[in-house]
Amino acid sequence: MSDKKACFVIGPIGDDGSAERIHADWLYKGIVLPVFQRDFSYFEVERADTIPTPGMISSQIINRLHDVDLVIADLSFHNANAFYEMSIRHKVGKPIIHMIRKGEKIPFDVIPHRAIPFLTTHPDDLERAQERLSDSIREAIKPEFEADNPITHARGRLELQEHAAPAIKVLMNQMESMQSQSFWDGEFGKVE
């Protein structure tokens, strides 16, 4: 039995020579692989275009999203496939680290979740991104780490509502009311 762990990198890949491919290669070869080679050499790291096994690409990706120990998701370019793949990983409830090109806006549903911003314009930028990624990986692979994403929140809330004692349901309703009021006060000014 192998002690190797697996990491799968998702994000925009693009056609050879495209801006997306150059970006994806900088992230993969300039940030991700060096971090794993230096700090986590017991991991095997793949991206969809590096899978050597013949077969159906979408099935291979979906199976990796379900099975690997860690996923790194590049949210840059707001690529639809990357977000679809990220949602599969969120549903599975296993560790995922979000990354995005510095200066790009994180979409609404994942704003509350940390994303490592990165640039590839200067060697110092790569080093900063590598350090932040290494720190995030260390946290994500701890045995006590629990995945935290919109799906785990929604499902956890549903399960709590279904199984909560009446007193807990009252508290949940009061907290929801306070959150709603806070939203309206913060977003649209004080509601009278």
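Net charge in the neighbourhood of residue 65 (other residues with Cβ under 10 Å of its Cβ; Lys, Arg +1, Asp, Glu -1) is +2. Residue by residue, segment 73-89 carries 3J(HN,Hα) couplings of 10, 8, 8, 4, 6, 6, 5, 4, 4, 4, 6, 4, 5, 4, 5, 4, 5 Hz when phi is fed to the Karplus relation 6.51 cos²θ - 1.76 cosθ + 1.60 (θ = phi - 60°); x denotes Gly or Pro. Would you please classify the overall shape of segment 21-135 from the alpha carbon gyration tensor, given that a ≥ b ≥ c denote the square roots of the eigenvalues, rounded means a/c under 1.5, and beyond that prolate means a/b larger than b/c while oblate covers the rest? Oblate, since a/c reaches 1.5 and b/c is not below a/b. Loop-located chymotrypsin sites (Phe, Trp or Tyr not before Pro) in segment 36-106 (DSSP state not H, G, I, E or B) with no more than 15 neighbouring Cβ atoms inside 10 Å: 42. Close amide H pairs (under 5 Å, H built 1.01 Å from N) link residue 73 with 10, 97, 98, 99, residues at least 5 positions away or on another chain. Amide H contacts of residue 43: 5, each under 5 Å away and 5 or more positions distant or on a separate chain (H built 1.01 Å from N in the peptide plane; Pro and chain starts excluded).
When the alpha carbon coordinates of segment 1-62 are projected onto the principal axes, the ranges are 38, 29, 15 Å, largest first.
Toward the positive end of the charge dipole of segment 1-138, with +1 on the Cβ of Lys and Arg and -1 on the Cβ of Asp and Glu, the farthest Cα among 81, 97, 22 is that of 97.
Remark: for residue pairs 94/142; 91/142; 4/94; 105/142; 4/29; 5/29, the C-alpha separation exceeds 23 Å in 105/142.
For segment 66-117, the set of trypsin sites (Lys or Arg not before Pro) satisfying both a DSSP loop assignment and a count of at most 16 other C-beta atoms within 10 Å is given as 102, 105, 114. Loop-located GluC sites (Glu not before Pro) in segment 108-145 (DSSP state not H, G, I, E or B) with no more than 12 neighbouring Cβ atoms inside 10 Å: 144.
Spatial offset of segment 9-42 relative to segment 55-134 amounts to 11 Å, using the alpha carbon center of each.
The numbers here are math on the coordinates, done by the rules we state, and not lab data. Everything numeric in this text was worked out from a predicted model, so none of it was measured. Neighbour counts run over all protein chains shown; Cβ positions are idealised from the backbone, glycine included.
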